[in-house]
1. Any idea which residue in the stretch 47-57 is least open to solvent (accessible area, probe 1.4 Å), counting only those that are assigned to a helix (DSSP H, G or I) and at pLDDT 90 or above?
2. Which of the numbered conditions does residue 60 fail, given that it passes all the others? Conditions: (1) closer than 16 Å to residue 116 by Cα; (2) modelled with pLDDT under 85; (3) of a type in the set (Ser, Thr, Tyr).
3. Quick check on my filter: what residues within the stretch 60-80 are under 18 Å from residue 1 (Cβ atoms) and in contact (Cβ under 8 Å) with a residue 60 or more places away in the chain?
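The values are calculated or read from the model by the stated rules, or taken from the named source; none is laboratory data. This one's a predicted model, so the numbers in the text were calculated from it and none came from an experiment. Note that each Cβ is placed from the backbone with ideal geometry, even for glycine, and that neighbours are counted across all protein chains shown. Side chains included, ligands, DNA and RNA excluded: accessible areas come from the protein's heavy atoms. Shrake-Rupley method; radii C 1.70, N 1.55, O 1.52, S 1.80 Å.
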Amino acid sequence: MLFGILDILFGTLVLSPYFVGRGKREKYAKSLSWAGIVLLVWGIMGVVSSLLYVQTFAVSPFYWILWLSGGIASLLLGIILGITLLKKSSTGIVDKLLPYQRIVGIVAVTVGILLLFVQE
């Protein structure tokens, strides 16, 4: 459930440049970057935990796929939001991911909503 809430919240923040003015977003850029790094770690933990509990796939495949995709979405959202801190040590993955910012945001919000309503 927490993955769902975080995916909806941060997916909306990733989509915010399309709805909110640039000035307001730049005002909170440093805070969003640190939140992105925390979400990146949370996404890594989500992906690892879903892979460790792969036996859940036999019981509820739809839930396990949502669990894994929620972790991946959190990981990608963390990279996108943490861009200003990651830019200093970027290896090019950040630049390759930026064109897909809108898609990642929409997928994260969708997966988050599904995770809120689907039970194991």
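1. Just the residues of the stretch 47-57 that are assigned to a helix (DSSP H, G or I), to begin with: 47-52, 56-57.
Narrowing further to those that are at pLDDT 90 or above: 47-52.
Details: 47: 32, 48: 77, 49: 32, 50: 0, 51: 98, 52: 122 Å².
Looking at the filtered set, the residue picked out is 50.
2. (2)
3. Keep residues of the stretch 60-80 that are under 18 Å from residue 1 (Cβ atoms), which gives 60, 62-74, 77.
Hits for the stretch 60-80 are 60, 67, 70, 71, 73, 74, 77.
Residue by residue, here is whether (1) hydroxyl-bearing (Ser, Thr, Tyr); (2) in contact with a helix residue (DSSP H, G or I) (Cβ under 7 Å, 6 or more places away or on another chain); (3) open to solvent by less than 20 Å² (accessible area, probe 1.4 Å); (4) modelled with pLDDT under 80 holds:
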| position | (1), (2), (3), (4) |
| --- | --- |
| 8 | no, yes, no, no |
| 89 | yes, no, no, yes |
| 98 | no, no, no, yes |
| 107 | no, yes, no, no |
